[in-house]
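Visitor: Before I ask anything, here is the structure I am working with.
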Amino acid sequence: MGLSVRLVVRTLSELCITVGTVIVLFVAYVVFWTGIKADSATAGQVELLQRAWVDQPLPSTPPTSPAPAAPGAPVPPSTAPVPKPYPAGKGFAVMYIPRFGKDWEWPVLEGTATATLKKGLGHYASTARLGETGNFSVAGHRRTYGDPFKDFPRLRPGDAVVLTDGTTWFTYRIDRTPYRTVPTDIGVIDPVPRPLKKNAAGFTGPGRYLTLTTCEPEWGSSHRLIAWAHLDATQPVTQGKPPSLAG
């Protein structure tokens with residue numbers, strides 16, 4: 001083998017080793033380092049919220065609201081003043097999904113910008129506020145940045161999705177197994193969800209809905225997984241945790 005051939009072989013070998021090292025480091029960053037950063041960021045967001053809730057006095061008489069409507073049931077128009085939007089990029093609630101484990105606890109922040117989803121779940125700013133008539137819609141990573149929705153396909157009808165804003169517990173109930181669709185199927189977060197696949201959501205009229213969205217497949221983003229739920233119950237935090245979180 002001539003000198004020039006050996007030089008080419010050695011150069012290619014070194015190049016392969018370098019490329020392999022870069023790939024390994026990138027995978028380690030995606031799988032591990034983003035998770036470490038997310039754990040720190042989300043814990044910080046939850047702590048900020050809990051500290052703010054402790055500092056603000058709870059109302060002596062919790063605000064009353066109409067009883068949650070069943071899916072598709074008519075909802076009377078509200079006479080309450082229109083609430084202000086949540087501050088962009090800021091946390092305003094904490095979500096719990098018992099199906100994903102007793103320690104599953106994630107902050108919900110306003111907006112779905114890339115930087116926001118690195119710190120927790122993101123509320124679609126164009127959708128309803130928590131507990132209000134309409135469709136309170138939330139996005140989260142399936143993988144990377146803590147893998148909040150890693151187990152999304154495990155959701156089943158009747159599963160609880162519980163949120164709190166520091167004064168009230170909101171318990172939503174999943175209505176059907178996750179729906180797979182394309183990213184352009186934006187009707188899934190309409191006030192009354194209207195996905196491309198007719199009747200996939202099953203809602204026929206106004207209600208207090210929750211939509212969760214994440215990427216599909218697990219390590220890709222060519223499609224989306226959607227889960228819909230309806231508001232099942234509310235209770236003030238002064239009464240303790242709701243039954244789905246107790247024990």
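Visitor: Which links in LYS118/LYS198; LYS90/LYS118; LYS119/LYS197; LYS102/LYS241; LYS119/LYS198 stretch past 24 Å when you go from one Cα to the other? Numbers along the way, then the final one.
Guide: Details: LYS118/LYS198 33 Å; LYS90/LYS118 12 Å; LYS119/LYS197 32 Å; LYS102/LYS241 13 Å; LYS119/LYS198 34 Å.
Flagged as over cut-off: LYS118/LYS198; LYS119/LYS197; LYS119/LYS198.
Visitor: Another question about this same structure. If you split all Cα-Cα distances of the stretch 140-200 into 5 Å bins from zero, what percentages do you get per bin, shortest first?
Guide: Here the calculated profile for the stretch 140-200 is 4, 14, 16, 23, 26, 13, 4, 0.
Visitor: Return one whole number: the accessible area per residue of the stretch 131-196 in Å², for a 1.4 Å probe.
Guide: On a per-residue basis, the stretch 131-196 sits at 37 Å².
Visitor: Full extension from GLU132 to ASP103: what is 0.36 nm times the residue separation minus their Cα-Cα distance, to one decimal in nm?
Guide: 7.8 nm
Visitor: Among all the aspartates and glutamates, which ones have a C-alpha under 12 Å from LYS150's C-alpha, if same-chain residues fewer than 8 places away are not counted?
Guide: Result set, ordered by chain and number: GLU216, GLU218.
Visitor: Rounded to whole Hz and in sequence order, give me ³J(HN,Hα) for the stretch 161-168 from the Karplus expression 6.51 cos²θ - 1.76 cosθ + 1.60, θ = phi - 60°, writing x for Gly and Pro.
Guide: Ordered by residue, 3J(HN,Hα) equals 10, 10, 10, 9, 10, x, 10, 9 Hz.
Visitor: Would you mind checking which residues have amide H under 5 Å from ASP147's amide H? H placed 1.01 Å from N; only 5 or more apart, or other chain.
Guide: HN-HN under 5 Å from ASP147: empty list.
The values are calculated or read from the model by the stated rules, or taken from the named source; none is laboratory data. Here the structure is a predicted model, which is why all the values come from computation and not from measurement. Surface areas here come from the heavy atoms of the whole protein model, side chains and all, with no ligands, DNA or RNA. Shrake-Rupley method; radii C 1.70, N 1.55, O 1.52, S 1.80 Å.
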